[in-house]
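The block underneath contains the structure these notes are about, expressed in structure tokens.
Read-outs throughout are calculated quantities, based only on the coordinates presented, and are distinct from any laboratory measurement. Quick caveat: nothing in here was measured; it's all calculated off a predicted structure. Don't worry about glycine lacking a Cβ; one is built from the backbone with ideal geometry, like all the others, and counts go over all protein chains shown.
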Amino acid sequence: MAVRRVRRVVRRIDPWTVLKISLVFNAIAGLVFVLGVWVVWSLLLQRGIPERIVEIFEAIRITVSVDGELYFRIVVFLAVVGAVAMTAIMTLGAVLYNLIADLVGGLELTVLEETYNVAPQTAAQPRVRPPVHRPATGNGEVEAPARSVVPARPAATDQPPPAAEAEPLGDLEAEEGTSEETPDEAVEAAKTGTEG
């Protein structure tokens with residue numbers, strides 16, 4: 001496993017995405033806060049601690065009442081207001097980050113990227129060939145594709161290749177009426193227009 005360091009720049013944060021994520025996150029955080037306060041309040045009531053606190057305040061001549069329902073309503077209200085406020089602050093923070101990132105270039109992070117050296121698969125995969133157009137003949141049958149033959153390369157030797165035999169010039173010989181000329185002489189005669 002190879003590890004390399006990579007520099008990344010956070011250029012933009014989408015405010016709509018931040019709004020959705022922060023709304024869900026803050027709603028869950030508010031619910032956890034309300035449930036936590038409820039559990040702690042229940043434990044304090046079982047121990048009788050709120051009554052003792054009221055007795056201490058009455059000794060100092062401060063009037064305090066233990067009204068759990070009122071306190072629970074206050075806690076729920078604070079949780080809802082806190083969730084909405086934090087969502088607004090996070091979304092505004094994303095908008096401000098985008099404005100600042102346009103000026104200074106964004107937040108630069110250095111991360112480690114792990115790459116796994118996976119051996120290539122040795123299993124033979126079937127070759128995919130492109131489709132071949134085969135025109136139909138007049139009777140509705142498909143013609144077989146024409147095959148081209150590529151001549152094999154001759155082996156490398158120190159000797160020069162043998163001279164190719166000259167083909168008869170055909171039309172030139174028929175026009176000239178002589179077949180005793182060599183092909184070179186016939187070509188020269190054709191160029192000059194005279195027989196050689």
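Listing for the model above:
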| quantity | calculated |
| --- | --- |
| Among the residues listed as VAL39, VAL10, VAL6, VAL24, the single one being closer than 28 Å to VAL95 by Cβ and surrounded by fewer than 11 Cβ atoms within 10 Å (Cβ to Cβ) | VAL6 |
| Of all residues in region 1-53 being part of a helix (DSSP H, G or I) and touching a Ser or Thr at 6+ places or on another chain (Cβ under 8 Å), the one that is farthest from ASP67 (Cα to Cα) | PRO15 |
| Residue satisfying condition, being touching a residue at least 24 places away in the same chain (Cβ under 8 Å) and in contact with a Pro (Cβ under 7 Å, 6 or more places away or on another chain), within set THR91, THR115 | THR91 |
